[in-house]
Amino acid sequence: MKTVKQPSLFHITWPLFIEIALHMSLGIIATLILSYYSDSAAAAVGVSNQILNIFIILFNITSVGATIIIGQYLGAKKTQNARQTARSAFAINLYTGLIVSLTVVLFGRQLLGFFSLEGETLVYGETFIKIVGLFLFLEAISLTLGAILRSHGFTKNAMYVTLLMNFVSAFGNVIAVLGLFGIPVLGVAGVAWSIVIARTIAVLVLFFVVYRKLSLRFTVKDLIHFDREDVKRIMNIGIPSAGEGISYQFSQLIITGFIATIGEAALSARVYVSNITMLCFLFTLAIAQGTQLLVARQVGAQQFEQAYGRAVKTLKIAVFASFISAVALASFGSSILSAFTSSPEIIAIGIPLLWASVILEPGRAMNIVLMGTLKSAGDVRFPVAIGILSMWGIAVVLSYTLGLGFGLGLLGIWIAFSADEWFRGIFAMKRWHGRKWVQYSLVKGETHEQNERREASEAV
């Protein structure tokens, strides 16, 4: 096996930035292309993806847990433990993915029924969710393999795979909607199959890269025999994180139900604005994930002060970047929205939301950076508790009160989102500054001084 790299924040972050941008652009491109096909199709796919995202969070139980534990093992110089954790994570997510795929195929229509979709919007949604859902296990495998690579510092390789996946999916989307090369217009079904083909190729390439970079193979034995301690550690990290994610997605489903009662124009505006504002926290997500990888290693090596300082520096950068990007997007809001839709009603609804995002996005940056960093240090339950309390007690309640009760519509719901993000971010900041997370380290490795002495003796 090749020597594990000790990457800098920049080395980790810039490939993550591009990878996340590519992941986000995959949804944006699909939505943009479908908007030329039909606003109903775009709305249906947006709702379907919300449902699928709930199940994808289940895969993150394993991938998030594995990322943190592998990172801490590498920081503690326990390479073999890291490799065994990787094998256990793969097996767990493969089985989870197969169960989820079957569930979505069997109950896809019933899940869509919660949104009161009707007519062609319901037909489009059912088509998309059945096709993508059948192969959702590919996403489970992809998330696991990507987590293993990133934990070892190979973020650039994961980026290249995502670039390939995006190219395949975008090319397929264009063919499906425009009917190029003699292929008939396939619409939503074609877009769905493009995603499936892209994910299949990504998984095959990831298997190859993991083997080349880490000399790591997955055998039938790995699928049958789990290391119980590995499973326990992964679940202790992953389940609380996934519980928060699932709770969040369900709260968003409820809020989407509120939006559906406002009208189809509001539903389409939410899909378009959500895709646009993804660009606001793109850098935040990249630098936050890079910081989490470094903090996990620093905590594993018991370098707690370095971990503390790293998160604080990241926070300042992320808040500033998110504010500037939100202002830029809002300033050109009309032109950007016009690229997605020609409906004056949808554009009129969307522009105030983009300006409201100027307040929302810095709070989201604080939340994403600090809550994620707490988890990477092993302090998982606090972010979950605060997250669930805030998303239901603030986001859902205020969305109904301001959006429907006071008649502010989508703008009221965006104000509720802002209150939710800032509430969580402020509590995360207090927790990080309090340093209680130090006691939650999962792996006890060498201190920095011990490591230096060992390396000096080895050099001699």
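The values are calculated or read from the model by the stated rules, or taken from the named source; none is laboratory data. Owing to the predicted nature of the structure, the values given are computational and were not obtained by experimental measurement. Reconstructed Cβ throughout: ideal geometry from the backbone, glycine too, with neighbour counts over all protein chains shown.
Overview of results
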{"read-out": "Residue that is modelled with pLDDT under 80 and either of a type outside the set (A, V, I, L, M, F, W, C) or part of a helix (DSSP H, G or I) (or both), where the choices are Ser88, Ser25, Ser48, Ser40", "value": "Ser25"}
{"read-out": "Out of Leu180, Leu149, sole residue that is aliphatic (A, V, I, L, M) and at pLDDT below 80", "value": "Leu180"}
{"read-out": "Meets criteria (closer than 30 Å to Ser38 by Cβ and of a type in the set (Ser, Thr, Tyr)) for Ser338", "value": "yes"}
{"read-out": "In the range 106-122, the residues that are part of a helix (DSSP H, G or I) and surrounded by fewer than 16 Cβ atoms within 10 Å (Cβ to Cβ)", "value": "Leu106, Phe107, Arg109, Gln110, Gly113, Phe114, Gly119, Glu120"}
{"read-out": "Filter result (out of contact with any Gly (no Cβ under 8 Å at 6 or more places or on another chain) and either modelled with pLDDT of 70 or more or crowded, with 22+ Cβ neighbours inside 10 Å (or both)) within the range 1-19", "value": "Trp14, Pro15, Phe17, Ile18, Glu19"}
{"read-out": "Residue pairs meeting the criteria (Cβ under 9 Å; at least 6 apart or on separate chains; first assigned to a helix (DSSP H, G or I), in the range 137-149; second among the acidic types (Asp, Glu))", "value": "Gly146/Glu19"}
{"read-out": "Residue, modelled with the highest pLDDT, within the range 158-177, restricted to residues that are in contact with a Leu (Cβ under 6 Å, 6 or more places away or on another chain) and buried (at least 21 other Cβ atoms within 10 Å of the Cβ)", "value": "Val161"}
{"read-out": "Of residues in the range 338-361 being farther than 27 Å from Lys316 by Cβ and hydrophobic (A, V, I, L, M, F, W, C), the one surrounded by the fewest Cβ atoms within 10 Å (Cβ to Cβ)", "value": "Ala339"}
{"read-out": "Criterion: among the basic types (Lys, Arg), touching an Asp or Glu at 6+ places or on another chain (Cβ under 9 Å) and buried (at least 18 other Cβ atoms within 10 Å of the Cβ) - qualifying residue of Arg364, Arg310, Arg297", "value": "Arg364"}
{"read-out": "Residues that are among the hydrophobic types (A, V, I, L, M, F, W, C) and farther than 16 Å from Leu94 by Cα, drawn from the range 211-255", "value": "Leu214, Leu216, Ile237, Ile239, Ala242, Ile246, Phe250, Leu253, Ile254, Ile255"}
{"read-out": "The range 363-410: number of residues that are farther than 23 Å from Phe283 by Cβ, in contact (Cβ under 8 Å) with a residue 60 or more places away in the chain and assigned to a helix (DSSP H, G or I)", "value": "13"}
{"read-out": "Residue among Ile237, Ile255, Ile183, Ile175 that is free of Cβ contacts under 8 Å to residues at least 40 places away in the same chain and in a helix (DSSP H, G or I)", "value": "Ile175"}
{"read-out": "Qualifying residue in the range 315-324 (condition: among the aromatic types (Phe, Trp, Tyr), surrounded by fewer than 19 Cβ atoms within 10 Å (Cβ to Cβ) and part of a helix (DSSP H, G or I))", "value": "yes"}
{"read-out": "Sole residue being assigned to a helix (DSSP H, G or I), more than 20 Å from the chain's Cα centre (by Cα), over 30 Å from Ile386 (Cβ atoms) and touching a residue at least 40 places away in the same chain (Cβ under 8 Å), chosen from Ile359, Ile351, Ile346", "value": "Ile346"}
{"read-out": "Residue in the range 367-377 that is within 29 Å of Ser268 (Cβ to Cβ) and over 22 Å from the mean Cα position of the chain (by Cα) present", "value": "no"}
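Rundown of residues vs (1) within 24 Å of the chain's Cα centre (by Cα); (2) modelled with pLDDT under 75; (3) not in a helix (DSSP H, G or I), yes/no style:
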| site | (1), (2), (3) |
| --- | --- |
| Gly412 | no, no, no |
| Ile415 | yes, no, no |
| Arg424 | yes, no, no |
| Ala428 | yes, no, no |
| Arg431 | yes, no, no |
| Trp437 | yes, no, no |
| Lys444 | no, yes, yes |
